[in-house]
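Written out below as structure tokens is the structure these notes cover.
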Amino acid sequence: QVQLVESGGGLVQAGGSLRLSCSASGSIFSIGTMGWYRQAPGKQRELVAGITSGGSTNYADSLKGRFTISRDNAKNTVYLQMNSLKPEDTAVYYCNCNAAVRGKGWVVTWSDYWGQGTQVTVSS
């Protein structure tokens with residue numbers, strides 16, 4: 001009932017920048033935390049950054065100062081500004097949100113939703 005679509009990935013040289021976007025659509029009642037995860041070949045998925053509905057953020061320690069997460073609640077969209085990219089940032093980046101969908105009457109159900117992912121490749 002909630003679809004997430006990422007965009008903005010691509011190929012960039014080390015030191016460059018990319019801006020990822022993820023828009024949520026569907027029968028959304030409310031969206032809580034939104035975030036970005038990434039997964040490189042042979043590695044486990046890891047949290048990149050998260051942001052609450054109120055704008056509180058958290059980042060992987062290694063990414064602080066380089067990546068910035070933001071959101072536009074009116075558009076149900078979360079962004080990830082990635083600067084000073086390094087080859088080790090190469091991964092598929094996935095958008096995630098915790099959202100409530102409309103149920104019967106006043107009842108809503110909260111679940112985690114994932115996007116299809118967008119490839120980010122950083123060349124040296």
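The values are calculated or read from the model by the stated rules, or taken from the named source; none is laboratory data. Since the structure is predicted, the reported quantities are computational estimates derived from the model, not experimental observations. Note that each Cβ is placed from the backbone with ideal geometry, even for glycine, and that neighbours are counted across all protein chains shown. Side chains are part of the model used for accessible areas, which takes the heavy atoms of the whole protein and leaves out ligands, DNA and RNA. Shrake-Rupley method; radii C 1.70, N 1.55, O 1.52, S 1.80 Å.
Relative to the 2.2 N^0.38 Å rule of thumb, the range 1-61 has a C-alpha radius of gyration ratio of 1.31. A 1.4 Å probe run over the protein chains yields, for the chain, 54 Å² of accessible area per residue, whole-number rounding.
Listed peptides 53-60, 102-109 appear in the order 53-60, 102-109 once ranked by packing, highest mean of other Cβ atoms within 10 Å at the front.
In this Cβ point-charge picture (+1 for Lys and Arg, -1 for Asp and Glu), the chain has a dipole of about 160 debye about its Cα centre. The phi-based Karplus calculation (6.51 cos²θ - 1.76 cosθ + 1.60; θ = phi - 60°) puts the 3J(HN,Hα) values of the range 108-124 at 10, 10, 9, 8, 8, 10, 10, x, 6, x, 9, 7, 10, 10, 10, 9, 8 Hz, whole numbers, x for Gly and Pro. Between residue 106 and residue 88, the contour length at 0.36 nm per residue exceeds the alpha carbon distance by 1.9 nm.
Ranked from largest to smallest solvent-accessible area, with a 1.4 Å probe on the protein heavy atoms, 29, 67 come out as 29, 67.
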